[in-house]
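Undergrad: I'd like to ask some things about the structure below.
Bear in mind that the values in this text are calculations on the coordinates, not laboratory data. Being a predicted model, the structure only gives us computed values, none of them experimental.
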Amino acid sequence: MAKEDENIPDARRMADQIAETLIDQIKHGKMEVGALLPTERELCETFDASRPTIRSALNQMRQLGFLSAESGKRPRITKPSLEGILQSTGDHIRGLLGDAETGAHLEQIRQFLEAGAAREAAKRASNVQIANLARELHANFEAIGTSDFPATDIAFHRSLLSVLGNPIVLQLHDMFVSRMVAERPGVKDQIAHDQTGYQEHRAIYQAVLEGDSVAASDMMDQHLIRSYRSRLKSPASIEIGDQEIGQLED
């Protein structure tokens, strides 16, 4: 094993330095976008580093969008894009969605974004955008009680967000919301659940149609809070002797 790998902190610092050096060369045109990166062996010789250290540096560059991420192929130099950076970040965050606290934080971010989007939609949605929202609402109604309901639910919310014309917001929505919905536990009465969701969507749509920004924002806020909390485990009571003790349902 190479010397720098015997000390993990030193190896990490060296990987950081190698990544910074290569990125600096790309930024200053010494390495052209689209060109193949030198082989790992060549990089090992250039930086007098081991393969694990070089691979760690290249992984950093991929995460920052400076290298292509095609599996099994020699990486090419790429230009970072906002979409690529968000996608890379999203891959890491999606891996944390099984954690209840992280899921709650992401739900909160969604709540802030969509309540604001509903408010703005009520202020400035065009006739075409309102017609699109009405179409998604109708599809949501038609899907009540079917396996298609979650997809139409997501489509309704995305249609509302699209009114903002902000590609970053849409990218965040596309990365997280479908996975967040998939991670939620099932409900006992799917039809009743779907009907409640549809009625709330309908109220949001009506507020947007009437240009009532306060009502649209408040209704979206209440809808997302209710939807999230309805999926949480509720306490059940058990009796031990004369004492009643609350516990979470399995």
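Undergrad: Once you have a ≥ b ≥ c as the square roots of the Cα gyration tensor eigenvalues for segment 87-232, tell me rounded if a/c is under 1.5, and otherwise prolate or oblate according to whether a/b is larger than b/c.
TA: Working: a/c = 1.68, a/b = 1.21, b/c = 1.38.
Oblate is the answer for segment 87-232, as a/c is 1.5 or above yet b/c matches or exceeds a/b.
Undergrad: Counting only residues 5 or more places away or on other chains, whose amide H sits under 5 Å from the amide H of residue 67 once H atoms are built in the peptide plane?
TA: Amide H neighbours of residue 67, under 5 Å, 5+ apart: 62, 78.
Undergrad: 5 Å is the cut-off here: which amide hydrogens, built 1.01 Å from N in the peptide plane, fall below it relative to residue 143, excluding neighbours closer than 5 in sequence?
TA: Hits under the 5 Å cutoff: none.
Undergrad: Using θ = phi - 60° and the Karplus curve 6.51 cos²θ - 1.76 cosθ + 1.60, what whole-Hz ³J(HN,Hα) does each residue of segment 144-152 get, with Gly and Pro shown as x?
TA: Once θ is set to phi - 60°, the couplings for segment 144-152 become 4, x, 10, 6, 7, 4, x, 5, 6 Hz.
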